[in-house]
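To start, the structure under review is shown below, and the notes come after it.
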């Protein structure tokens, strides 16, 4: 396969759009953008294709004449999308990727049976509407047929990312890891907003005032590691203050549950003073 094969993107959503634009920046030609056969999806495909100077099509009119086809559809739709397109072209010699973090390349078995090689190629990055993140230094989890993974590694390198192998059996754990460091991080901040409201701040003011300490905490974590970045009354073993926190958080039970769960993580994995008394307090907090 050519060093920079032409590519068809299936799914012009947040991931597919961001990936297509980054592929173009890296010197790849996205030849076709394939959408579902509904008005909203077709419109997104047309808009993206115009930016890429590519051809827009639907699952019913797809050409599939690129040698590499990249499925950027929700996890639950990957197998169906592969079945919908298995008769659309001769798959022998083609490569098919999907970008699920949780699912293995087996979701593309229908295309394997027709001669394609397949891989799962998942960027550990968050994609939201209104933002196209750089893929520079982004880790990509790779799994699948050796020939497809080899091509994936080359593409990831051209994107500026870092490819690493993950086994089928570890994909769910890998994806759960990603859940903790992005969506669950957002939920922790949302719980923080709720606590800020109890202290008299609006959600908007809470977000504005949280950002400096959030940024510095991440910088400390990156530079110094978790133990050195960990501060506050739990680390100091300040039982009296932790008791006050738990008391006020009774009015916000979901935030209290998060607080207690994360305190237990600290007791197990980080340097914490006065462990015995803190454990006793947290056990009592269950009642």
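The values are calculated or read from the model by the stated rules, or taken from the named source; none is laboratory data. Every value quoted in this text rests on a predicted model; they were computed, and no experiment measured them. With ideal geometry, Cβ positions are generated from the backbone for all residues, glycine too; neighbour counts draw on all protein chains shown.
Report whether or not residue 163 is touching a helix residue (DSSP H, G or I) at 6+ places or on another chain (Cβ under 6 Å) and either assigned to a strand (DSSP E or B) or at negative phi (or both).
yes
Does residue 151 satisfy the condition of being closer than 20 Å to residue 19 by Cβ, assigned to a helix (DSSP H, G or I) and at pLDDT 95 or above?
yes
Output the residues belonging to the stretch 265-287 that are without any contact (Cβ under 8 Å) to a residue 24 or more places away in the chain and closer than 18 Å to residue 192 by Cβ.
265
What residue, of 98, 122, 83, 55, is out of contact with any helix residue (DSSP H, G or I) (no Cβ under 7 Å at 6 or more places or on another chain) and in contact (Cβ under 8 Å) with a residue 12 or more places away in the chain?
Result of the check over 98, 122, 83, 55: 122.
So in the stretch 93-112, with the set limited to residues that are over 16 Å from the mean Cα position of the chain (by Cα) and part of a loop (DSSP other than H, G, I, E, B), which one is surrounded by the fewest Cβ atoms within 10 Å (Cβ to Cβ)?
In this case the residue turns out to be 93.
Tally time: how many residues in the stretch 231-287 are within 32 Å of the chain's Cα centre (by Cα) and more than 18 Å from residue 191 (Cβ to Cβ)?
Looking only at that region, the number is 8.
Looking at (1) surrounded by 14 or more Cβ atoms within 10 Å (Cβ to Cβ); (2) in the same structural domain as residue 245 (by TED's automatic domain parsing), which is the one condition that is false for residue 200?
Going through the list (1) surrounded by 14 or more Cβ atoms within 10 Å (Cβ to Cβ); (2) in the same structural domain as residue 245 (by TED's automatic domain parsing), residue 200 breaks only (1).
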